[in-house]
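Undergrad: One structure coming up, written as structure tokens, with questions to follow.
Each value in this text was obtained by applying a stated rule to the coordinates, not by laboratory testing. Just so it is clear, the structure is predicted and the values come from calculations on it, not from any experiment. In this analysis, Cβ positions are derived from the backbone assuming ideal geometry, glycine residues included, and neighbour counts consider all displayed protein chains.
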Amino acid sequence: MDRDRRKYRTYRDKLRRANREAAYTVVALGVIAIAWLLLGFGLADSDVRIASTPLWIVGGTVGTWLVAVIVAVVLAKRVFANFDLDDRADGDD
Amino acid sequence: MTDLIGLAPLALFLVVTLVASVIVRRRAARAGGGFVKDYFIGNRALGGFVLAMTTVATYGSVSSFVGGPGQAWEIGFGWVYMAVVQVTALVLLYGIMGKKMALIARKLDAVTVVDVVRARYGSNALANVSALVVVVFFVATMVAQFVGGAKIFEAVTGYPYLVGLTLFGIAAILFTTIGGFRGVAVTDALCGIMMIIGMVVLALGILNAGGGYENIMQTIQETAPHKLEPFSGGGMPWTLYLTQWLLVGVFTFVLPQSVVRTMGYKDTKALHNAMIVGTVVIGIMMIGMTSLGVLASGVLTEDLATYGGSVDNIIPLVTVGTLSAVLAGLAIIGPIAASISTVSSLLISASSAIVKDLYLHWCADRGRQPAERCVAASSQVITLVLGALVFALSVVPPDLIWKINMFAFGGLETAFFFVLVCGLFWKRANRTGALASMIGGVAAYCACMAAGFKVAGMHQIVIGIVVAGVLMAVGSWIGAQAKNARMDVFFPE
């Protein structure tokens, strides 16, 4: 975290980082959308049932949600950087 | 159930939220930091949990608790599968807008989304149109929330519609007027918690009345097997899936009432935590409530005509039919909290559009600096008057209320999608493109809604967004950047 704060000190660097994180988020949306398709429509022909519930329902709803939670955790803990949102530490402002 | 015991949980909840609102306001006043920044953006002090809950509670409206589950009762698990696309809402909002809006808002000392739009494009005309769009569509949405909440109150408690409207309408208006943005955020968090508790209570009632989960699923298999298919025997066409992905999934991250929350959190850690907590909670809420709608098929097994011919009656009926008076009183706090939290968030945003974006800017243009006491009083009076207006419009409930709600949702997305996205990420975008996009897109959307015109059966938001996108591109190509556009803040060299 401290490394991130040292790395993104100026306003410009922070905005660039925010742009990159926005792009990663669009990729994450793609991952969730593909999971939604595969776990729902992709399993629609399966005869497997869990507690009398067709597999596509479990996969398409709870499965998609779990994928979204995993994506949120990966983005928040591994991809996104921590830095000061105020300008106090900026050298170029 | 016209019995006072049934009202006790709701009354207690309203008192607690009102007290919380007063405490938050007093603490904020003691902390200082300027009235406008505190009242409209909470001094940018929201932590991760409150940020997540206020966003989810603002996003999850009374439709999520009544109309949506009612549709799920009629259509089946295809509706739940469609509703789950809403789990992308917070990831997109915080991931795309979160940090950039927070950095820019701090740099500009911006308090509202319109402040940011004005600075980016250097256009007062665009800012005024944005404020007008916000107020008009927010008022429409607030009326829908009040009416929806009061109707479920009437159906479940047996008390007249006006009693419910007065009870929680006045409470919502009061704690928004008193608490400001931070008060709204805290009461939203309380509402979010109560929404989940209400849902759990209703789930227990339905499962108990239906003889358990597996029994209900077997009943559905025998009586309505199409409810277990993704296309629901034609009830869920692919065009509906596609447009719902756009309307309640992909485009929601530009809704001004959500975007303003990315200007009010305290640090990046809070944003990261909110993304995780919010995605967990929104999934529980959206999958949970719509699934309960389908599971209600195991309890309400007749056709729709038997239940009054409207899917909006399903959740009230199943609540009354499966729970005791006290538990039903607890369960209806869910939809009423959803209604209150959405109204309070929209009310504070609409009020900021009038006070901050129109009045204070008008004063600044004329070199006037109103006294802080005057700003404080006028902000609270405007909030109160707007709330009273919405209350008055809700007294005689208009027809097609759920359609008005979705209409407003689509209108806001059409108006702000390209204006915000291009404003933040496309240097070439300018005021000509932004004005054309907002006015042209909204006009095309409203005209198609009024005429009932659709392309390939898809919701009119598709037309609105395409028109808005084309006009943004053409306008930005033809026009030039305004001299007072703050490009140094948005795209520093």
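Undergrad: Which one of these is out of contact with any Phe, Trp or Tyr (no Cβ under 9 Å at 6 or more places or on another chain), part of a loop (DSSP other than H, G, I, E, B) and either basic (Lys, Arg) or within 7 Å of chain B (Cβ to nearest Cβ) (or both): A:Asp47, A:Asp86?
TA: On the way: A:Asp47 fails: either basic (Lys, Arg) or within 7 Å of chain B (Cβ to nearest Cβ) (or both).
Result: A:Asp86 is the single residue among A:Asp47, A:Asp86 that is out of contact with any Phe, Trp or Tyr (no Cβ under 9 Å at 6 or more places or on another chain), part of a loop (DSSP other than H, G, I, E, B) and either basic (Lys, Arg) or within 7 Å of chain B (Cβ to nearest Cβ) (or both).
Undergrad: So which residues in the stretch A:68-92 are surrounded by fewer than 20 Cβ atoms within 10 Å (Cβ to Cβ) and farther than 22 Å from B:Tyr265 by Cα, if there are any at all?
TA: Hits for the stretch A:68-92 are A:Ile70, A:Gly91, A:Asp92.
Undergrad: Among the numbered criteria (1) within 9 Å of chain B (Cβ to nearest Cβ); (2) assigned to a helix (DSSP H, G or I); (3) under 30 Å from B:Asp488 (Cβ atoms); (4) touching a helix residue (DSSP H, G or I) at 6+ places or on another chain (Cβ under 8 Å), which single criterion is violated by A:Asp13?
TA: It is condition (1) that A:Asp13 fails.
Undergrad: Under the condition of being among the small types (Gly, Ala, Ser) and touching a residue at least 12 places away in the same chain (Cβ under 8 Å), which residue from the stretch B:287-323 is nearest to the other protein chains (Cβ to nearest Cβ)?
TA: Of everything passing the filter in the stretch B:287-323, B:Ser291 is nearest to the other protein chains (Cβ to nearest Cβ).
Undergrad: Any residue at all in the stretch B:395-409 that is surrounded by fewer than 24 Cβ atoms within 10 Å (Cβ to Cβ) and among the acidic types (Asp, Glu)?
TA: Keep residues of the stretch B:395-409 that are surrounded by fewer than 24 Cβ atoms within 10 Å (Cβ to Cβ), which gives B:395-409.
Those still in the list that are among the acidic types (Asp, Glu) too: B:399.
Within the stretch B:395-409 (the criterion being surrounded by fewer than 24 Cβ atoms within 10 Å (Cβ to Cβ) and among the acidic types (Asp, Glu)), the answer is yes, since at least one residue qualifies.
Undergrad: Does B:Gly309 meet the test of being in a helix (DSSP H, G or I) and either in contact with a Cys (Cβ under 9 Å, 6 or more places away or on another chain) or of a type in the set (Gly, Ala, Ser) (or both)?
TA: Against the criterion (in a helix (DSSP H, G or I) and either in contact with a Cys (Cβ under 9 Å, 6 or more places away or on another chain) or of a type in the set (Gly, Ala, Ser) (or both)), B:Gly309 does not qualify.
Undergrad: Taking the criterion of being touching a helix residue (DSSP H, G or I) at 6+ places or on another chain (Cβ under 9 Å), surrounded by fewer than 24 Cβ atoms within 10 Å (Cβ to Cβ), in contact (Cβ under 8 Å) with a residue 24 or more places away in the chain and at the interface with chain A (Cβ under 9 Å from one of its Cβ atoms), would at least one residue in the stretch B:107-123 satisfy it?
TA: Within the stretch B:107-123, one or more residues are touching a helix residue (DSSP H, G or I) at 6+ places or on another chain (Cβ under 9 Å), surrounded by fewer than 24 Cβ atoms within 10 Å (Cβ to Cβ), in contact (Cβ under 8 Å) with a residue 24 or more places away in the chain and at the interface with chain A (Cβ under 9 Å from one of its Cβ atoms).
Undergrad: Within the stretch B:434-493, which residues are charged (D, E, K, R) and over 26 Å from the mean Cα position of the chain (by Cα)?
TA: B:Lys483, B:Arg486, B:Asp488, B:Glu493
Undergrad: Kindly list, by first and then second residue, each pair from a residue in the stretch B:465-493 that is within 14 Å of another protein chain (Cβ to nearest Cβ) and among the aliphatic types (A, V, I, L, M) to a residue that is buried (at least 20 other Cβ atoms within 10 Å of the Cβ) and part of a helix (DSSP H, G or I), limited to pairs with Cβ atoms under 7 Å and residues at least 6 apart or on different chains.
TA: B:Val489/B:Ile104; B:Val489/B:Lys107; B:Val489/B:Ala119
Undergrad: I would also like to ask the following. For B:Ala45, are the conditions met, namely being of a type in the set (Gly, Ala, Ser) and over 24 Å from A:Ala76 (Cα atoms)?
TA: Judged against the criteria, B:Ala45 is not a match.
Undergrad: Quick test of your reading of the structure: B:Cys374 fulfils all but one of (1) part of a loop (DSSP other than H, G, I, E, B); (2) free of Cβ contacts under 8 Å to residues at least 12 places away in the same chain. Name the failing condition by number.
TA: Only one criterion is unmet by B:Cys374, namely (1).
Undergrad: Also: Given the conditions (1) more than 9 Å from every other protein chain (Cβ to nearest Cβ); (2) without any contact (Cβ under 8 Å) to a residue 24 or more places away in the chain; (3) within 19 Å of B:Gln86 (Cβ to Cβ); (4) in contact with a Phe, Trp or Tyr (Cβ under 8 Å, 6 or more places away or on another chain), and given that A:Phe41 satisfies all but one, which numbered condition is not satisfied?
TA: With respect to (1) more than 9 Å from every other protein chain (Cβ to nearest Cβ); (2) without any contact (Cβ under 8 Å) to a residue 24 or more places away in the chain; (3) within 19 Å of B:Gln86 (Cβ to Cβ); (4) in contact with a Phe, Trp or Tyr (Cβ under 8 Å, 6 or more places away or on another chain), A:Phe41 is out only on (1).
Undergrad: Within the set of pairs 6 or more residues apart or between chains, which connect a residue that is facing another protein chain (nearest Cβ under 7 Å) and polar (S, T, N, Q) inside the stretch A:21-37 to a residue that is assigned to a helix (DSSP H, G or I) and surrounded by 13 or more Cβ atoms within 10 Å (Cβ to Cβ) with Cβ atoms less than 6 Å apart?
TA: Partner pairs satisfying both residue conditions: A:Thr25/B:Gly95; A:Thr25/B:Ile96.
Undergrad: Still on this structure, I have one more. If we keep just the residues of the stretch B:209-265 that are farther than 26 Å from B:Val318 by Cβ and in contact with a strand residue (DSSP E or B) (Cβ under 6 Å, 6 or more places away or on another chain), which is nearest to the other protein chains (Cβ to nearest Cβ)?
TA: Filtering first and then ranking leaves B:Tyr265.
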